[in-house]
1. Averaging sequence separations of C-alpha pairs under 8 Å and six or more residues apart, then dividing by the length of region 10-81, give the relative contact order as a whole percent.
2. Given that just one value was derived from the coordinates, which of (1) 1.24; (2) 2.04; (3) 1.08 is Cα Rg over 2.2 N^0.38 Å?
3. Of the beta bridges DSSP finds with both residues in region 10-81, what % are antiparallel, to the nearest 5?
4. Extension gain residue 16-residue 34, at 0.36 nm per residue separation less the Cα-Cα distance, in nm?
5. So what is the 222 nm mean residue ellipticity for the chain from helices alone, if each DSSP H run of at least 4 adds -39500 (n - 2.57) and you divide by all residues, rounding to the nearest 500 deg cm²/dmol?
């Protein structure tokens, strides 16, 4: 999965979701920053679509290595993102 440079929230930052409601049919979440609401439908076994969910929650799942390392550095290690000439 590829993550671009614009993550959907204000100023190119990733969303920071918090759960509002959780039923057996759907999960509803709201971004703490921009107040956008997302509804995730659950399947037969009570699971949401994994790829969509991970892409929207990249802030929560960012790690120092792997495909989310740019997001991690952008959020938590901003001094390493500066290009020095």
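The numbers here are math on the coordinates, done by the rules we state, and not lab data. Keep in mind that this is a model prediction, so the values were computed, not measured.
1. 22
2. Matching the structure shown: (1).
3. 100
4. Between residue 16 and residue 34, full extension yields an extra 5.6 nm.
5. On the way: 3 runs with 19 residues, N = 85.
Mean residue ellipticity at 222 nm (helix-derived): -5000 deg cm²/dmol.
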